[in-house]
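J.: My questions will all concern the structure given below.
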Amino acid sequence: MNTKPIAAVALASTITLLGACGTPAASSTDTDVSKALVMLDELTVAPEDTGYHYDRDDWPHWSSTGGGCDTRDTVLQEQGQSVKVFDGCAVTGVWASVYDGETVHDAKDLDIDHVVPLAEAARSGVRDWSRVDRERYANDKRFLLAVTASSNRSKGDDDPARWLPSDSSYRCAYLALWVEAKHTYKLAMDPDEHQAVTSGLKRC
């Protein structure tokens with residue numbers, strides 16, 4: 001199966017991907033950034049809810065997607081190029097890790113990253129979420145990216161005030177996807193995060 005990386009699909013309505021030198025790939029970029037800024041303005045800005053206890057086990061993942069496969073398997077299949085599936089859900093292929101620009105040939109070297117990390121979501125106003133809500137969020141493929149394990153772990157659960165992709169050509173797309181995820185799930189932003197995202201998008 002040869003498919004277009006889901007990152008490009010998910011971002012199509014949000015921001016035009018930047019060229020290799022960090023310049024807009026198309027003149028529509030300004031309009032797309034404006035849409036991200038509109039969504040940003042609609043978000044609640046509030047201090048992080050640090051009193052909410054985060055336990056990763058309370059956010060079920062990876063959920064079954066049918067045929068014996070789970071969300072991780074499906075993301076790998078959808079975001080890779082020249083993907084071949086064998087032994088049920090195992091895959092071979094090539095993946096572009098958008099965080100650091102690395103090309104990956106072994107799925108074992110990849111993590112599936114929540115664009116807005118689970119711990120960050122837990123600090124962003126989810127006290128009334130049910131376990132079903134948390135599972136839905138944790139398995140929403142629109143906001144999952146197959147990236148190198150090293151880049152995912154360097155990010156940890158940081159927000160854009162503390163971490164951005166080392167590949168600067170992806171930063172605008174990343175910020176837009178971060179905003180889209182928070183807007184979709186009505187998650188709050190803390191003041192430093194909001195300032196960092198706003199200034200980052202305006203530089204796009």
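The values are calculated or read from the model by the stated rules, or taken from the named source; none is laboratory data. Just so it is clear, the structure is predicted and the values come from calculations on it, not from any experiment. Using ideal geometry, Cβ is built from the backbone for each residue, glycine included, and neighbour counts are taken over all protein chains shown. Surface areas here come from the heavy atoms of the whole protein model, side chains and all, with no ligands, DNA or RNA. Shrake-Rupley method; radii C 1.70, N 1.55, O 1.52, S 1.80 Å.
J.: For Ser63 and Asp192, what does the FRET efficiency come to when R0 = 41 Å and r is the distance between their Cβ atoms, rounded to the nearest 0.05? If you can, show how the numbers build up before the last one.
T.: Details: r = 32 Å, r/R0 = 0.79.
With R0 = 41 Å, the Cβ-Cβ based efficiency is 0.80.
J.: Would you mind checking the pairs Lys35/Lys186; Lys108/Lys155; Lys108/Lys182; Lys182/Lys202 and listing those with alpha carbons more than 27 angstrom apart? Provide the component values of the computation, followed by the final result.
T.: On the way: Lys35/Lys186 16 Å; Lys108/Lys155 19 Å; Lys108/Lys182 29 Å; Lys182/Lys202 18 Å.
Listed pairs above 27 Å: Lys108/Lys182.
J.: Tell me which residues come under 5 Å, amide H to amide H, from Asp70 once H is placed; ignore anything under 5 positions away on its chain.
T.: Long-range HN contacts for Asp70: Thr65.
J.: If packing is taken as the average number of other Cβ atoms within 10 Å across a peptide's residues, how do 135-145, 80-90 rank, most packed first?
T.: Averaged packing, sorted descending, gives the order 135-145, 80-90.
J.: Quick check: pseudo-label points 7 Å beyond the Cα along Cα→Cβ at Arg56 and Asp158, how many nm apart are they?
T.: It is 1.8 nm.
J.: How many Å² of accessible area per residue for segment 110-204, probe 1.4 Å?
T.: Spelled out: the 1.4 Å probe surface of segment 110-204, per residue, equals 38 Å².
J.: Give the carbon-plus-sulfur fraction of the accessible surface of segment 60-204 in %, rounded to a whole number; probe 1.4 Å, heavy atoms of protein chains only.
T.: Within segment 60-204, the accessible surface is 46 percent carbon and sulfur.
J.: Explain nothing, just compute: Karplus ³J(HN,Hα) = 6.51 cos²θ - 1.76 cosθ + 1.60, θ = phi - 60°, for every residue of segment 107-122 in order, whole Hz, x for Gly and Pro.
T.: Here the 3J(HN,Hα) series is 4, 5, 8, 10, 10, 9, 9, 7, 3, 9, x, 4, 5, 5, 4, 5 Hz.
J.: Once phi is turned into ³J(HN,Hα) by the Karplus curve 6.51 cos²θ - 1.76 cosθ + 1.60 with θ = phi - 60°, what whole-Hz value does each residue of segment 182-188 show in order, with x for glycine and proline?
T.: Running phi through 6.51 cos²θ - 1.76 cosθ + 1.60 with θ = phi - 60° gives 5, 5, 4, 9, 6, 8, 7 Hz.
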